[in-house]
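Written out below as structure tokens is the structure these notes cover.
Nothing in this text is a laboratory measurement; each read-out follows from the coordinates by a stated rule. The structure displayed is predicted, hence computed values, not measured ones. All Cβ positions, even for glycine, are placed from backbone atoms using ideal geometry, and neighbour counts span all protein chains on display.
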Amino acid sequence: MSVVTLTINQQMITANAGDTILQAAKDAGIKIPTLCYLDGLSAHGGCRICLVEIAGSTKLQPACFMKVAEGMQINTETHKLKEYRKMIVELLFAEGNHTCSICVANNHCELQAMAMAVEMDHDRFDYIHPPKEIDISHQRFGIDHNRCILCTRCVRVCDEIEGAHTWDVAGRGGLAKVIADLDQPWGEADSCTSCGKCFMACPTGAIFQKGDSVAQTEHPRNKLESLVMAKDKKQWHV
Amino acid sequence: MARLKLATLWLGGCSGCHMSFLDLDEWLLELTTFAEIVYSPLIDTKKFPDQVDVTLVEGAVANEDHFHLIQQVRKNSKLVASFGDCAISGNVTAVRNRFQEALPLLQRSYIELADVQKGIPNDRSVVPALLDRVRPLHSLISVDYFLPGCPPTAKHIRMVLESLPSGKPLSLHGNQLKFG
């Protein structure tokens, strides 16, 4: 495998040709913030939190997709990027109904944590307060569309790890939403195996275990990591 | 040195932020050495004073009384701070915004779901009219400072209050800025 050299934040690093910037940064111990990305799933490039600046290009590129190249000069923490990240988080809050104080995932939520990371102290955009639904027709889990940020982790984990592809996205723009099978109540979706991987992968309180109250939901991400390791490296935690 | 004139306001919120303020416990005595509380639900005053240095606003702007009061608060205060999640985002108070307007909400609450005495309260001498949508404070007046949290912890309230005599309130960072 050929190796390329590049710089991230003025730090010279080497990476495997074909790696994404995100992978190369991770291997070099440089943290690039992500939201829709989840290890073990294909990249989606939807949230734009991982955007980076590449010298010589006026376009910002998502680190989860963009491949490294020889001599690349990448910046991940410029004023412009920080400002954009903050704006993205503010937009996510404005277009959903993320009321942290009464959320099952309060204190265990990646969106809430991202708001702290970008130091959002208020939202400069007007809240839309769209009327969204909650589906609790499944026996074990519920989906609260108010808290969904359309990261599509549930869609990808269901398709790529479980192999069921119960979830997908329907609609466009502000009307886009995650649907089960042919936009049926989740409990009536025949393809669902009730494996719970969507619940493990969800970054917010959108997919939750029934019975969880405020701040009780902790997505068991470690279970998912074990499955990913088994799939990719054929190693099982016993 | 003259003491700082401090006001606290309670709009559409649960008073939890004020309870957290009271969690300052004995430090409240220390607060009074450099600040005088000139208006607050915790003291007996009816009229918002003409000159206030700092006003902490708890709660979202939910009705016409709130709407008029905050104009006066802005005019009479040097520094206005959104105190807690409801003032900053609408939070729980704004959950009703899914109805988009006040009338369908009132119909749902006081007629459709009422067991007895169905009817929307409309005596304006007793209850102010609801605004159609609950608004965060900064969407209506300029706000100088934001202290998130539901409620903000007494520790963070104290850090901010302690910094007031210097003229510029402390900037909070990272995990100190937690919603919920």
Requested in this report: Would you please report the Å³ per residue occupied by the convex hull of the alpha carbon atoms in chain A?
Outcome: 142 Å³
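Give me the Kirkwood hydrodynamic radius of the protein assembly as shown in Å, from all C-alpha pairs, to one decimal place? Could you put the intermediate results ahead of the total?
Numbers: mean 1/r = 0.0416 Å⁻¹.
Its Kirkwood hydrodynamic radius stands at 24.0 Å.
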Query raised in the report: Tilt of helix B:154-163 relative to the longest C-alpha principal axis of chain B, in degrees (0 to 90, nearest 10)?
Result: 50 degrees
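Over the Cα atoms of chain B, what is the Rg over Rh ratio if Rh follows Kirkwood?
Values: Rg = 17.4 Å, Rh = 17.2 Å.
Checking Rg against Rh, the ratio lands at 1.01.
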Query raised in the report: Measuring from label point to label point, each 7 Å out along Cα→Cβ, what is the A:GLU77 to B:SER109 span in nm?
Result: 4.7 nm
Requested in this report: Using only the C-alpha atoms of the range A:136-238, find the volume of their convex hull and express it per residue in Å³.
Outcome: 106 Å³
Requested in this report: Compute the distribution of all C-alpha to C-alpha distances in the range B:25-123, in bins of 5 Å from 0, and list the percent of pairs in each, rounded to whole numbers.
Outcome: 2, 10, 15, 19, 15, 13, 11, 7, 6, 3, 0
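Taking the convex hull of the alpha carbon atoms in the range A:3-77, what volume per residue do you get, in Å³?
Numbers: hull volume 6.1 nm³, N = 75.
Once divided by residue count, the hull of the range A:3-77 is 81 Å³.
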**Report entry** Antiparallel bridges, percent of DSSP beta bridges restricted to chain B (to nearest 5)
**Finding:** 15 percent
**Report entry** Those Cys residues of chain A for which no other cysteine Cβ falls under 4.7 Å
**Finding:** A:CYS50, A:CYS64, A:CYS100, A:CYS103, A:CYS109, A:CYS148, A:CYS158, A:CYS192, A:CYS195, A:CYS202
Query raised in the report: What list do you get for A:MET1, A:MET200, A:MET116 if you sort them by fewest beta carbons within 10 Å?
Result: A:MET1, A:MET116, A:MET200
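What longest range of chain B stays clear of loop-exposed trypsin sites (Lys or Arg not before Pro) (DSSP non-H/G/I/E/B, at most 12 other C-beta within 10 angstrom)? Don't skip to the answer; put the middle values down first.
Details: sites that count: B:LYS46, B:LYS47, B:LYS118, B:ARG124.
With a cap of 12 other Cβ atoms within 10 Å, the longest stretch comes to B:48-117.
Of all beta bridges DSSP finds with both residues in the protein assembly as shown, what is the antiparallel percent, to the nearest 5? Walk me through the numbers on the way to the answer.
On the way: 24 of 43 bridges.
DSSP beta bridges in the protein assembly as shown are roughly 55 percent antiparallel.
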**Report entry** Cα point-scatterer Debye curve for the range B:102-168, base-10 log of I(q)/I(0) at q = 0.12 Å⁻¹
**Finding:** -0.61
